[in-house]
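To start, the structure itself, in structure tokens.
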Amino acid sequence: MLHFDSDYMRGAHPEVMKRLMETNMEQTPGYGTDCHTANAERLILDACGLKDGKVYFFTGGTQTNATVIDGLLSRHEGVLAAGTAHINVHEAGAVEAAGHKVITLPSSGGKLSAETIRQYISDFYKDSSYEHMVAPGMVYISHPTELGTLYTLAELEGLCSVCREAGIPLYMDGARLGYGLAAYGTDVTLKDIARLCDVFYIGGTKAGALFGEAVVATRPDLLGHFAPLIKQHGAMLAKGRLLGIQFETLFTGDLYMRICRNAVQAAMKLKEGFIGKGYELYIDSPTNQQFFILPDGKIDKLMQVATFELWGPRNGEKTPARFVTDWATCQNEVEELIRYL
């Protein structure tokens, strides 16, 4: 059976597993106060081009988003996001459970525009009853988006500008960040993201780690008393070095970007194969998530040999489907799937 459901189906990159085994019997202080975590933070800040900044390590994306958003917002504030945003659709109301509303805005291809945000904030404060409403306290975006699309540098600069005009932070969900940075034709670098976002995270769970996300606070003052909040959210790992070692390994040399490039290369080969067989794109994604419109009969046949995700309910004729490559996807896996088409 071929697996193209998601990019967290495998374990970890062999180098990560090797380092975990090599350090297994070390005795280190807990909660991320060990030397491996400190070195991982240094490596990440260097890669981001940051002299000042703070890195926090979390076990998973939902814990990361819920905790960071709770840390950035006051009690009366909500977070602006696209209707398709992960925090709005697939996190089981984790943000709302912490007492903050997800305020959804219209988007295009999963992306928010600076003008949409500017207009919403302007209209909000023109309402004489705004004190009785949930205030827009921050902006949430993901890169890549849930639809595999990417922001351009100009779009990110526009979002940064409108957030700074409004005096609210810009937060980027980077669960698949490596695959966005490795995409062909992108003009956005990790240093650009560090320059334009107040807080963002670098995903490990979907990009070569067993588990883990690295939150980069470019303005640490925005997350005051953050460690206690992490613990309140149940997101602090006692054996914190397990996170530190993984990111220390991924950010030594070019490992993180090299394995993310593999996923993108495999995804482009997959796209080429589907198009070559006459199938229609549902979304034109330059990243490791690929979306196609397939006849329901073909979906049933493919499900006998491969796993993938339907992108919405079936309508009896054709249905969008998502196929996801990862850091370890082999070319022969892609070729075999294409043969079944």
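Take 326-335, 188-197, 165-174, 209-218 and order them by the average number of nearby Cβ atoms within 10 Å per residue, most first; the result is 209-218, 165-174, 188-197, 326-335.
When shorter helices are ignored and each DSSP H run of at least 4 residues is given -39500 (n - 2.57), the per-residue value for the chain at 222 nm works out to -12000 deg cm²/dmol. Among 66-72, 248-254, 45-51, 95-101, sorting by the average number of other beta carbon atoms lying within 10 angstrom of each residue, highest first, gives 66-72, 248-254, 95-101, 45-51. Normalising the average separation of contacting C-alpha pairs (under 8 angstrom, six or more residues apart) by the number of residues puts the relative contact order of the stretch 14-254 at 32 percent. In the frame of its principal axes, the stretch 14-254 has Cα extents of 62, 41, 32 Å, reported largest first. For S74 and R10, the difference between the fully extended length at 0.36 nm per residue and the C-alpha to C-alpha distance is 19.2 nm. Inter-part distance, the stretch 237-293 to the stretch 60-133, computed on C-alpha centroids, equals 27 Å.
Since every read-out is calculated from the coordinates, none of them should be taken as a lab result. The structure displayed is predicted, hence computed values, not measured ones. Note that each Cβ is placed from the backbone with ideal geometry, even for glycine, and that neighbours are counted across all protein chains shown.
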